[in-house]
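S.K.: The structure under discussion is supplied below as structure tokens; questions concerning it will follow.
The values are calculated or read from the model by the stated rules, or taken from the named source; none is laboratory data. Treat the numbers as computed from the prediction; the structure is a model and nothing was measured. Neighbour counts run over all protein chains shown; Cβ positions are idealised from the backbone, glycine included. Heavy atoms of the whole protein, side chains included, go into the accessibility calculation; ligands, DNA and RNA do not. Shrake-Rupley method; radii C 1.70, N 1.55, O 1.52, S 1.80 Å.
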Amino acid sequence: MGRRILNTTDSTMKEAARVAASLQAPEWILALEQTAGHGRRGRAWTMPRGNFAATLVMRPTGTPADFALRSFAAALALFDAFVAVSGRSESFALKWPNDVLLNGGKVAGILLEQSGPHLFIGIGVNLVAAPAAAQVEPGAVSPVDLVTETGALVTPTDFLTPLAAAFARWESQFVTYGFAPLRQAWLNRAARLGQPIRARTATEEFHGTFETVDAQGNLILSMSRGRLALPAADVFF
């Protein structure tokens, strides 16, 4: 996979859309400064210099459902990269659908967008600074940063090396064996598995026990009225 390092850009996701048609192979686009980043549902993503903002541009085979399951590969790759740079594993957990937690706080987020045959996997990591709690949605997990929580000071370019290598490994697993090994690996690292959570869709909020993630990547919530499969939601603890 190639790498493109930009000093500054509006958004690595927007840059990915601009260059995707010209790429002959998957490529990571890393920006040292990002002026107009965004997260899920168009939410602003604050990106001070020293934090990590990158997008992987791919042209994978398979169905749109297969495309979406790459979020699990990205989460697992982030987990591996964090362990590689911090020397810790017990401090990190994966939060469905697209976040990585460090000591219970959000340290990284993942955003997937599809444009024709191309898949863009955007990743933001709080390496040196985290947004203020007032900047996040009420009830959401508080943001944290890597250096404050672990003492590991890592540059964005240095973080990309273990991240890209780990993603390549998980992508190979997915292409060769399907989602099953990624699903099990993700569950082994899951936050609040077997515990009560709240899951909020655009129209409803559900309370129940986080039972599992199914073979399609859906969150399975166990409630008094039965089991519910959610393909997309915001999860609150």
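S.K.: Residues of the range 112-140 being assigned to a strand (DSSP E or B), touching a Lys or Arg at 6+ places or on another chain (Cβ under 9 Å) and open to solvent by less than 40 Å² (accessible area, probe 1.4 Å), which ones?
M.R.: His118, Leu119, Ile121
S.K.: Got at least one residue in the range 85-105 being within 16 Å of the chain's Cα centre (by Cα) and over 20 Å from Ala185 (Cα atoms)?
M.R.: yes
S.K.: Would you point out the residue of the range 150-163, among those that are open to solvent by 10 Å² or more (accessible area, probe 1.4 Å) and under 17 Å from the mean Cα position of the chain (by Cα), that is farthest from Ala84 (Cα to Cα)?
M.R.: Pro156
S.K.: Is it the case that some residue within the range 204-226 is under 19 Å from Asp80 (Cβ atoms), basic (Lys, Arg) and either touching a residue at least 12 places away in the same chain (Cβ under 8 Å) or open to solvent by 40 Å² or more (accessible area, probe 1.4 Å) (or both)?
M.R.: no
S.K.: Of all residues in the range 164-186, which are of a type in the set (A, V, I, L, M) and surrounded by fewer than 12 Cβ atoms within 10 Å (Cβ to Cβ)?
M.R.: Ala180
S.K.: Between a first residue in the range 21-36 that is touching a residue at least 12 places away in the same chain (Cβ under 8 Å) and a second residue that is in a helix (DSSP H, G or I) and of a type in the set (A, V, I, L, M), which pairs have beta carbons less than 8 Å apart while being 6 or more apart in sequence or on different chains?
M.R.: The qualifying pairs are Glu27/Val19; Trp28/Leu160; Trp28/Ala164; Ile29/Ala16; Ile29/Val19; Leu30/Leu160.
S.K.: Out of the helices (runs of 4 or more DSSP H) lying entirely within the range 1-111, which hold 1 or more residues that are open to solvent by less than 10 Å² (accessible area, probe 1.4 Å) and of a type in the set (Val, Ile, Thr)?
M.R.: So the answer is 12-19.
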